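Remarks on the structure that follows.
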Amino acid sequence: DQQVKQNSPSLSVQEGRISILNCDYTNSMFDYFLWYKKYPAEGPTFLISISSIKDKNEDGRFTVFLNKSAKHLSLHIVPSQPGDSAVYFCAAKELVFGAGTILRVKS
Amino acid sequence: EPEVTQTPSHQVTQMGQEVILRCVPISNHLYFYWYRQILGQKVEFLVSFYNNEISEKSEIFDDQFSVERPDGSNFTLKIRSTKLEDSAMYFCASSDQGGRTEAFFGQGTRLTVV
């Protein structure tokens, strides 16, 4: 039962370019989504969130887009920096996490 | 900056033994959570706790698990009779508004059942 799916296990991007991480969900009752970043041996840290009443939320280099009809959200990081290299999880509220995408930003 | 703290950072236990994982959530937070991450797998929700009772739990959170807030600051996860497959990182988290705001995670406790 994968209610939140991150279909790309990894992504490699050049420093300065845009990173786009994708997430799909199946439950149309989900109305709040979050992105977390996780470094090895640390707990997840909150990055950005979006409510279903919006289709975009921006915070500095991070923008989350929500397409409710497609049940799809994406996280854009621009410009990408080497320190962004981590595992990124999308989550519906705090209860359902995706499998994560490993982002590697090459300098 | 306030943070969620978890102890111990690593716990090794024998199969069948009871373990208690401890967490100190952020002081003004009202919602508390436990998650686990088996090595190489995704973060899985176990249980949420609000107003001194379980508000939601997953199918993973069966009768061998229990949670408690024994005083005003600690939040504990007890595993009664550990199995090899309980080996995982266990993360505690807290939030101030439940499902409408972010949860802050602790550094995790690595549980190894041998």
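A few points about this structure:
- Amide H contacts under 5 Å for B:Tyr31: B:Ser95, B:Gly98, restricted to partners 5 or more places along the chain or on a different chain, H placed in the peptide plane at 1.01 Å from N.
- Inter-site label distance for A:His72 and B:Asp71 at 7 Å from Cα along Cβ, in nm: 5.2 nm
- Using the Cβ-Cβ distance between A:Gln81 and B:Asp63 with R0 = 41 Å, the FRET efficiency computed as 1/(1 + (r/R0)^6) comes to roughly 0.30.
- Here chain A carries DSSP beta bridges of which approximately 90% are antiparallel, counting only pairs with both residues inside.
- Solvent-accessible heavy-atom area per residue, rounded to whole Å², over segment B:4-114 at 1.4 Å: 49 Å²
- Model label points for A:Ser52 and B:Glu85, set 7 angstrom from Cα along the Cα-to-Cβ axis, are 3.2 nm apart.
- Near the amide H of A:Arg17, within less than 5 Å, lie the amide hydrogens of A:Ser80, all on another chain or at least 5 residues away, with H placed in the peptide plane.
- Cα gyration tensor, segment A:26-97 - rounded (a/c under 1.5), prolate or oblate: oblate
- Rounded to the nearest 20 debye, the dipole magnitude of segment B:6-114 is 260 debye, with +1 charges on Lys and Arg beta carbons, -1 on Asp and Glu beta carbons, and the Cα centre as origin.
- For the protein assembly as shown, the fraction of 1.4 Å probe accessible surface lying on carbon and sulfur atoms is 47 percent.
- Part-to-part distance (alpha-carbon centres) for segment A:52-107 and segment B:1-32, which is given in Å: 28 Å
- Sequentially through segment A:8-22, phi angles give Karplus couplings (6.51, -1.76, 1.60; θ = phi - 60°) of 9, x, 8, 8, 10, 9, 7, 3, x, 8, 8, 9, 10, 10, 10 Hz, Gly and Pro residues having no value and appearing as x.
- Debye, to nearest 20: dipole size of the protein assembly as shown, +1 on Lys, Arg Cβ, -1 on Asp, Glu Cβ: 600 debye
- Projecting the Cα atoms of B:Val67, B:Cys92, B:His10 onto the dipole axis of segment B:5-107, where Lys and Arg carry +1 and Asp and Glu carry -1 at the beta carbon, places B:His10 farthest toward the positive end.
- Residues whose placed amide H lies under 5 Å from that of A:Ala86, excluding near-sequence neighbours: A:Leu103
- Interface residues of segment B:31-46, defined as a loss of at least 50 Å² in heavy-atom accessible area between the chain alone and the complex of all protein chains with a 1.4 Å probe, are B:Lys42, B:Val43.
- Most simply put, the protein assembly as shown has about 90% antiparallel DSSP beta bridges, counting only bridges with both residues inside it.
- Put simply, chains B and A cover up around 1600 Å² of each other's accessible surface, both sides summed, when a 1.4 Å probe is used.
- At R0 = 30 Å, FRET efficiency that the Cβ-Cβ distance of A:Asp31 and B:Val24 yields, to 0.05: 0.50
The values are calculated or read from the model by the stated rules, or taken from the named source; none is laboratory data. Note that this is a predicted model, so its numbers are computed, not measured. Cβ: placed from backbone, ideal geometry, glycine included. Neighbour counts: every protein chain shown. Heads up: the accessible areas ignore ligands, DNA and RNA and are worked out on the full protein's heavy atoms, side chains in. Shrake-Rupley method; radii C 1.70, N 1.55, O 1.52, S 1.80 Å.
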